Amino acid sequence: MKGIIQKDLYELFGIRENLANVLGSIIIVGILLFVTRDTLGFALLNILEIPVFSFMTLYITMESDEKSHFDTYQFVYPISKRNIVLCKYIIGMVCQMCISIMILCLIPILVYGYKMIEWSVAMKIWGTGMIFSVLMLSISYVIFFSFGSKVGIFLSALLDIVVMIGYVLVLTVFYDKIERTDSLLEWNVERVVYLSSPMAFVVGGVAGVVGIVGSYMVSVRLYQRKLNN
Amino acid sequence: MDYVIDVKNLNYTYKDFQLKNINLQIPTGVILGVVGENGAGKSTLIKSMLGIIPANYETMNILGKEFSLEETNIKQDMAVIFDKTYYNPMFTPLIIGKIVSKIYKNWDMNMYFKYLERFQIPKKKKVKELSKGMVMKLEFAIALSHSPKLLILDEATNGFDPLFREEFLELLREFVEDERCSVIICSHITSDLDKIVDYVAYMKEGTLAFVKTYDEMRSNYGIVRCKKQVLESLWEEDVVSYIKEAYGYKVLVKNKIALSHVFSDLEMENVTIEDIMLFYEKGERL
């Protein structure tokens, strides 16, 4: 397994073009956050951008494997199909964790520097984002293992957009107090976050774990079936 | 006797192609040449034995272990070289070495660097910048650097220049010298196989037409050039097939010693693997 993980990491960070794509995405997201400087921007960053990084890592490595047919060749190695899929999940989760930690490090700047958000709200949004991104990773990885890299990236990006629209619509439908500002529409994210109880995070955490384990098992099945065909 | 490969009733169906009832027992420490025309099933057989495609079989023991139970252990002692590389073309031999060193327990980085030096492969040159021959040499270096007990080559020698081809054949002889290591080589370059193989397996339309030792093939099979009257006087069970030529017939016989006693004036030529293939594919039956 270590060899496959190392290979994937080389592809992500050792090849200039791929590294530029990854860093570029992080920088663009950072810029967007600091330009918008509102709670909605921070919420969207957590809930949408983190999953994008994790499925982007899978897209880059899967596309490379498909192009060079390494996805078939790797079966000559002493590594099971189950572990090959596990390697992809490990890298996705680690990348997601790294981005989440980076965002966590930004929170003091947003709270004490720009004073755009309260600490408790920021932590709740960050926590929600962690759970949500694990669930999004669970779904998008199944999509990739079902359809391959090209269709997978399209469907995962589409899912991300649908979720973003749905997230905004839910806030509109259930919370009618909308404050329009000169910058972006300022939605009542704080109200949503204040209403969420600690139990919601526990349930969400359990759902995240169940989701990722279930996703892995489904992905292994899909991967084996795809190879058999 | 220890068998490196012991396969019983292997079958595989994919669309309109079938591997049918493959039974193969090859002792340890030999070089097996698998030959057959394009589409005969050579690569499919290899992929079945590697678990790349899901074949059905009664038993499949490789290196003395049951494949379905110990696949990853078996593959620790196997190395496979195909006709091209599957590594990311942006990788260098150095990066590939680091990756593969984490995959095989027996990986020897010093041995790998020695092979790179011997084959004159630059460590830090990207794979996409290497010629086809150098890429195949790199694959060979990777394969040999974790001390495999079974080396499988599937059309791997196509890109070799004549000088390296001889060196490669010598490397294979060294590899099997201690009789604990074995080689399976699928190749269309039958002249290479004639120089080196101990066993020949001939595949035709998804079946194993025969598996013989090379010595047995050379001592039993022969080519006779004769007229029609002689052809008609040969026993059917001794004739594999014949090919009509401009001034007579060329006949492949499989009992040349006995026939040479009966037909003492018949001149018998020794066969090569290419001859066997030609007669099995293009020859007519009596």
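The values are calculated or read from the model by the stated rules, or taken from the named source; none is laboratory data. All values derive from a computational prediction rather than experimental measurement. Glycine also receives a Cβ, built like all others from the backbone with ideal geometry; neighbour counts cover every protein chain displayed. In case anyone asks, the SASA skips ligands and DNA or RNA and just uses the protein heavy atoms, side chains included. Shrake-Rupley method; radii C 1.70, N 1.55, O 1.52, S 1.80 Å.
Couple of notes before you dig in:
- The mean number of partner chain beta-carbon atoms within 10 angstrom of a residue's beta-carbon across peptide B:100-107 is 4.
- Summarising the amide proton neighbourhood of B:LYS149: residues at separation of 5 or more, or on other chains, whose placed amide H is nearer than 5 Å comprise B:MET78.
- Projected label points at B:GLU177 and A:LYS150, each 7 Å from Cα along the beta carbon direction, are separated by 5.0 nanometres.
- In this structure, B:LYS228 and B:THR207 have a Cβ-Cβ separation that, at R0 = 45 Å, corresponds to a calculated FRET efficiency of about 0.90.
- Take the Cα of A:PHE34, step 7 Å toward its Cβ, do the same at B:MET109, and the gap between the two points is 3.9 nm.
- Working ranking of peptides A:52-61, A:209-218, B:53-62 by packing, defined as the average number of other Cβ atoms within 10 Å per residue, highest first, is A:52-61, B:53-62, A:209-218.
- Chain B: most fluctuating residue of B:ASN110, B:ASN220, B:ASN158 per GNM, C-alpha cutoff 10 Å: B:ASN110
- Rounded, prolate or oblate (a/c below 1.5 giving rounded, otherwise prolate when a/b exceeds b/c) for chain B by Cα gyration tensor: prolate
- Antiparallel DSSP beta bridges within segment B:45-200, as percent of all bridges there, nearest 5: 20
- Estimated at 0.36 nm per residue, the fully extended path between B:ASP16 and B:GLU166 surpasses their Cα-Cα distance by 50.1 nm.
- Alpha-carbon centroid distance for the pair segment B:141-163 / segment A:105-135, whole angstrom: 55
- Our summary gives chain B a relative contact order of 21 percent, counting only alpha carbon pairs under 8 angstrom and 6 or more residues apart.
- Loop trypsin sites (Lys or Arg not before Pro), segment B:13-45, which have at most 11 other Cβ atoms in a 10 Å radius of their Cβ (DSSP): B:LYS15
- Shape class for segment B:238-281, computed from the alpha carbon gyration tensor (a ≥ b ≥ c): oblate, with a/c not under 1.5 and a/b at or below b/c.
- CD proxy at 222 nm, helix term only [per DSSP H run n ≥ 4: -39500 (n - 2.57); per residue of chain B; nearest 500]: -10500 deg cm²/dmol
- Segment B:149-199: GluC sites (Glu not before Pro) in DSSP coil with no more than 10 other Cβ atoms inside 10 Å: B:GLU177
- When you filter the trypsin sites (Lys or Arg not before Pro) in segment B:120-205 for DSSP loop state and at most 10 other Cβ atoms inside 10 Å of their Cβ, you are left with B:LYS124.
- Full extension of the chain segment joining B:ARG118 with B:GLU284 gains 55.0 nm, where the gain is 0.36 nm per residue of separation less the Cα-Cα distance.
- Environment charge at B:ASN56 (Cβ cut-off 12 Å; Lys +1, Arg +1, Asp -1, Glu -1): +1
- Heavy atoms of A:TRP119: accessible area, 1.4 Å probe, square angstrom to 10: 110
- Efficiency of FRET from Cβ geometry, B:ASN23 and B:HIS261, R₀ 45 Å, rounded to 0.05: 0.85
- Total formal charge among the other residues, if their Cβ is under 15 angstrom from that of B:ASP108, Lys/Arg +1 and Asp/Glu -1: +4
- Buried on complex formation within segment B:47-61 (loss of at least 40 square angstrom of accessible surface versus the isolated chain, 1.4 Å probe, ligands and nucleic acids ignored): B:ILE52, B:PRO54.
- Cα gyration tensor shape for the protein assembly as shown, rounded if a/c is under 1.5, else prolate or oblate: prolate
- Summed residue charge, Cβ within 13 Å of B:CYS181's Cβ, Lys/Arg positive, Asp/Glu negative: -4
- Spatial separation of Cα centroids for segment B:40-93 and segment B:209-286, in angstrom: 36
- Comparing the full protein assembly with the isolated chain (1.4 Å probe, heavy atoms, ligands and nucleic acids excluded), the residues of segment A:69-88 losing at least 40 square angstrom of accessible area are A:TYR73, A:PHE75, A:VAL76, A:TYR77, A:PRO78.
- Antiparallel content of DSSP bridges confined to chain B, in %, to 5: 70
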